[in-house]
Amino acid sequence: PFDNVTPPSDDKRNIKIWSIDEANEFLNLIKDTQLFPAAYLAYSTGMREAEISALRWENIDLKSKILKVEHSMIRKNGVLALDGTKTEMSERSISIDDYTVNLLKKIRLHQQKENLSLDKDNKINFVYVCSWSDGRPLSPGYITRTFTKYVKRYGFKKITFHGLRHTHASILFEGGI
C-alpha cells in the first residue's frame with residue numbers, strides 16, 4: 001500500500017524564535033508604536049499577520065475572553081480585502097488573558113476618542129482592531145516590514161514576524177501545553 005506514497009520532505013527551515021525575555025524586551029521597546037498591538041497579538045495568541053490584519057471587533061468577546069479567527073487579509077487588485085483563513089483548521093477560537101483583554105479595551109477606547117474629536121459628518125466606523133486613525137486595517141505587509149525595521153533598529157536577533165507565532169508555540173510547548 002505504501003509503494004505509491006511519497007514521504008514528506010524533511011523540513012529544513014530553521015525558524016528562529018525568541019526567548020520569553022527577548023520577546024518581552026522587544027514588546028516593551030515598541031509599546032508606544034502602531035505595531036505593538038499586532039506584535040503582541042502574534043506573541044500572545046500565535047495568530048498570523050494576515051489574521052491579525054483581518055481581526056474585527058465583532059470577532060472578540062471581551063467578557064468571555066475569546067477571540068475568533070475567521071478571516072485573513074489579502075491584497076486583491078491593489079486593495080485590502082477579507083479572505084478565508086489559510087486552512088479550514090485555521091478558523092479557531094482563542095482564549096485571551098486579562099492583559100490582552102485590557103490591551104484590546106485600551107485600543108477600543110482610543111478609537112472611540114478618535115471619533116469624539118471628529119465632527120458628525122466625518123465619524124469613522126472602526127471595524128478592525130489594528131487600524132490606522134482613518135479606520136483602514138493595517139496591511140499584513142506593513143506589519144511584517146515594520147516588525148523587521150524595529151528588530152534591526154533595536155539590534156535583536158533576527159526573526160520574522162511569523163517567528164512570533166513560533167515563539168508563542170514554543171513557549172506553550174515548553175510549558176507542557
**Complete:** Expected unfolding gain across residue 174-residue 28 under the 0.36 nm per residue rule, minus the alpha-carbon gap, is 50.3 nm
**Fill in**
Restricting to lysines and to Cα separations under 25 Å from residue 152, and discarding same-chain partners fewer than 8 apart, the set is 12, 16, 31
**Request:** Please tell me the relative contact order of the chain in percent, rounded to the nearest whole number, where contacts are Cα pairs under 8 Å and at least six residues apart.
**Result:** 30
**Kirkwood-type radius of the chain, with distances r between different C-alpha atoms, in Å** = 17.6
**Request:** Measure nothing fancy, just the Cα-based angle from helix 36-45's long axis to the longest principal axis of the chain, in degrees from 0 to 90, nearest 10.
**Result:** 40
**Asked** Among the trypsin sites (Lys or Arg not before Pro) within the stretch 19-59, which fall in a DSSP loop and have no more than 16 other Cβ atoms within 10 Å of their own Cβ?
**Response** 31
**Item:** Highest-fluctuation residue, 113, 86, 65 considered, GNM on the chain with Cα pairs under 10 Å
**Value:** 113
**Asked** Hey, got a sec? Which GluC sites (Glu not before Pro) in the stretch 28-113 land in a DSSP loop and have at most 15 other Cβ atoms within 10 Å?
**Response** 91
**Prompt:** Among 90, 35, 171, which residue has its Cα positioned farthest towards the positive end of the charge dipole of the chain, with +1 placed on the Cβ of Lys and Arg, -1 on the Cβ of Asp and Glu, and the dipole taken about the Cα centre?
**Reply:** 35
**Prompt:** Among 57, 132, 18, what's the order by accessible area (1.4 angstrom probe), most exposed first?
**Reply:** 132, 57, 18
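The values are calculated or read from the model by the stated rules, or taken from the named source; none is laboratory data. Because the structure is a prediction, the values reported are computed rather than measured. Glycine gets a Cβ as well: all are built from the backbone with ideal geometry, and neighbour counts include every protein chain shown. Only protein heavy atoms, including side chains, enter the accessible area calculation; ligands, DNA and RNA are left aside. Shrake-Rupley method; radii C 1.70, N 1.55, O 1.52, S 1.80 Å.
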